[in-house]
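Let me begin by presenting the structure, written as structure tokens, before commenting on it.
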Amino acid sequence: MAKKVKKRKEIKRKLLHKYRLVILNENTFEEKISFKLSRLNVFVTGSLFMIGLIGFTILLIAFTPLREYIPGYSSTRLKKQATELTYKTDSLVRILNYTNKYLDNIRMVLKGDIENNEINRDSLFDQFKIDPTSIDLTPTKEDSLLRAEVALEDKYNLFERTTAKSILVLFPPITGTVTMNFDAQKKHYAVDIVAPIDTPVKAVANGTVIFAEWTADTGYVIILEHKGGLLSVYKHNGSLDKFQGAIVRSGEVIASVGNTGELTTGPHLHFELWDNGNPVNPSDFIDFN
């Protein structure tokens with residue numbers, strides 16, 4: 001027992017034994033700084049320094065972006081951002097594909113061309129014509145009731161229905177003499193209306209201007225997009241009164257009759273209607289006289 005007590009006293013004496021740390025001038029041996037230290041003080045100070053260094057490192061990693069530079073470390077916020085960017089990239093690719101397809105349709109309208117050059121109709125109604133002799137036209141009771149209901153619904157509609165979605169009531173862009181009609185065989189997907197130069201050209205329906213620029217072949221061109229995928233195209237204008245992105249109302253002036261472009265033969269309006277990428281005969285919907 002005495003040995004243990006003696007050993008403890010010896011350890012305590014060594015820990016508390018004072019040492020003097022002196023910093024001298026190498027040339028003059030002049031004492032500059034001196035410290036009184038003990039082994040216990042050195043141990044406690046070193047331990048506290050290590051604990052502080054570890055705590056500082058943990059805080060630095062936990063609350064600063066430096067943790068993202070540690071190999072294998074990935075924060076929850078970084079994972080969330082990566083997931084969101086993946087979704088956004090996928091959405092942008094889909095939107096880009098839709099936009100490219102949309103621009104291809106606009107480019108096709110400007111060139112007056114049709115994909116695969118296959119079109120065998122002069123209007124929306126031709127594809128629904130049937131041979132009356134090939135079917136029994138005797139009306140049934142249900143058919144008569146349906147016809148009466150449809151006739152009542154369309155009493156004040158200027159146009160018949162060609163699809164489940166009704167066609168817009170269109171306002172004449174100008175009135176004048178039609179010099180060239182719609183002719184799909186000759187790839188003239190428009191109606192040419194002669195009118196005095198500077199005659200106001202009006203929007204045929206409510207819509208948005210998606211193109212309003214100069215082209216070499218057709219001069220000043222303006223294209224409106226209407227609901228249901230319908231496009232109205234106005235070419236060879238003398239000037240344009242609307243810009244791309246403008247919202248217009250039916251009957252609002254959007255341009256003036258001119259004689260611009262290499263393909264023009266005089267002051268007139270070259271007017272086209274396109275339904276979801278297919279040209280339709282404007283005369284089936286509008287009275288230009």
Output the number of the condition that Ser239 fails; it satisfies all remaining conditions of (1) over 19 Å from Tyr102 (Cβ atoms); (2) small (Gly, Ala, Ser); (3) in contact with a Phe, Trp or Tyr (Cβ under 6 Å, 6 or more places away or on another chain). (3)
So is Leu66 modelled with pLDDT under 80 and in contact with a Phe, Trp or Tyr (Cβ under 6 Å, 6 or more places away or on another chain) or not? no
Checking the structure you have, find out if any residue of region 21-30 is assigned to a helix (DSSP H, G or I), at pLDDT below 80, outside the structural domain of Gly277 (by TED's automatic domain parsing) and of a type in the set (A, V, I, L, M, F, W, C). no
(1) over 17 Å from Arg107 (Cβ atoms); (2) under 26 Å from the mean Cα position of the chain (by Cα): which one isn't true of Phe271, the others all being true? (2)
Please enumerate the residues belonging to region 262-289 that are touching a strand residue (DSSP E or B) at 6+ places or on another chain (Cβ under 7 Å), closer than 14 Å to Val191 by Cα and acidic (Asp, Glu). Glu272
So which strands (runs of 3 or more DSSP E) stay within region 174-289 end to end and still have 2 or more residues that are buried (at least 16 other Cβ atoms within 10 Å of the Cβ)? 191-194, 200-202, 207-215, 219-226, 230-240, 253-257, 268-275, 278-280
Determine, yes or no, whether Arg8 is free of Cβ contacts under 8 Å to residues at least 12 places away in the same chain and either basic (Lys, Arg) or in a strand (DSSP E or B) (or both). yes
Anything in region 26-48 that is surrounded by fewer than 11 Cβ atoms within 10 Å (Cβ to Cβ) and not polar (S, T, N, Q)? List them, or say none. Glu26, Phe29, Glu30, Glu31, Lys32, Ile33, Phe35, Lys36, Gly46, Leu48
Inspect all residues belonging to region 161-175 and state whether any of them is modelled with pLDDT of 90 or more and among the charged types (D, E, K, R). no
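The values are calculated or read from the model by the stated rules, or taken from the named source; none is laboratory data. Keep in mind the model is a prediction, meaning the values are calculated, not measured. For neighbour counting, all protein chains shown are included, and Cβ atoms are generated from backbone atoms with ideal geometry for every residue, glycine included.
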